[in-house]
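Here's the structure, in structure tokens; my notes come after.
The values are calculated or read from the model by the stated rules, or taken from the named source; none is laboratory data. Just so we're clear, the structure is a prediction, and the values are computed from it rather than from any experiment. No Cβ is skipped: glycine too gets one built from the backbone with ideal geometry, and neighbour counts run over all protein chains shown. Please note that ligands, DNA and RNA were not included when accessible areas were found on the heavy atoms of the full protein model with its side chains. Shrake-Rupley method; radii C 1.70, N 1.55, O 1.52, S 1.80 Å.
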Amino acid sequence: ALIGMGLAFLMTGPNADQLSNYQGIAGAHAVGIPDGGPGLPLLGWSTVAGDLRIPHFLGMHTLQAMLLLAIGLELLARRVPLLRDGMLRFRLVAIAACSAVAVVAIVTVQALSGESIVRPSAPILSATVAVALVAIAAVALSIRAARVRGRLPARQHRGDQQHRDRESGGEVEPQEAAPPSGPMRNGRLS
């Protein structure tokens, strides 16, 4: 959200036309054309030039998206056993946050270059695809690590499991002592 607020500052700088003919208004959201013109339905973002409202919007609302993602993963953990791993949920949110920062950087460069959001150049498109591929790989590696962690036996003491069973309301089964080994059997030396 801080990045999004900071990006709004880019819209306050006067453009060349405003500097030559100052009329009390400085700043613009469009790059490469005067404000206004054709835009995306509902959002109004320019379809013919760069628009600084896009990185501002994404930067501001990423924080809300991360919160919703964290809540969604927490709720899904009740039904999806793999998501019960808290480290996996943390990593998924971290991957989403890093990806969002990269996307905000990409659309900022795109807007400042005067490119429309609907007509990205090859470098912008390549960077976007690279971010997506890295994010997908990071998610796959995180899931794999969670599965490996789930297969490894946890070091537990006998009392630890009984304590967890009591806290969860489960029945605690008495554990039988292992038969003695060595020369001592049935309380006698043999």
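Brief remarks follow.
- Checklist (1) modelled with pLDDT under 90; (2) open to solvent by 40 Å² or more (accessible area, probe 1.4 Å) applied to V107, failing item: (2)
- Against the conditions (1) among the β-branched types (V, I, T); (2) farther than 27 Å from R91 by Cβ; (3) free of Cβ contacts under 8 Å to residues at least 40 places away in the same chain; (4) open to solvent by 50 Å² or more (accessible area, probe 1.4 Å), V148 satisfies every one except (2).
- Only residues that are open to solvent by 50 Å² or more (accessible area, probe 1.4 Å) and within 15 Å of I54 (Cβ to Cβ) were counted across region 121-140, and they come to 1.
- Checking R78 against (1) over 21 Å from G150 (Cβ atoms); (2) open to solvent by 40 Å² or more (accessible area, probe 1.4 Å); (3) not in a helix (DSSP H, G or I), the condition it does not meet: (1)
- Residue in region 160-168 that is touching a helix residue (DSSP H, G or I) at 6+ places or on another chain (Cβ under 6 Å) and either assigned to a helix (DSSP H, G or I) or at pLDDT below 85 (or both) present: no
- Matching residues, region 125-144, being within 26 Å of V93 (Cβ to Cβ) and either of a type outside the set (G, A, S) or at pLDDT below 90 (or both): T128, V129, V131, L133, V134, I136, V139, L141, I143, R144
- Restricting the first member to region 115-136 and to residues that are over 15 Å from S99 (Cα atoms), and the second to residues that are in a loop (DSSP other than H, G, I, E, B) and of a type in the set (D, E, K, R), the beta-carbon pairs closer than 6 Å and six or more apart or on different chains are S121/E115.
- The set of residues in region 82-104 that are touching a residue at least 60 places away in the same chain (Cβ under 8 Å), surrounded by fewer than 18 Cβ atoms within 10 Å (Cβ to Cβ) and out of contact with any Lys or Arg (no Cβ under 9 Å at 6 or more places or on another chain) contains only V101.
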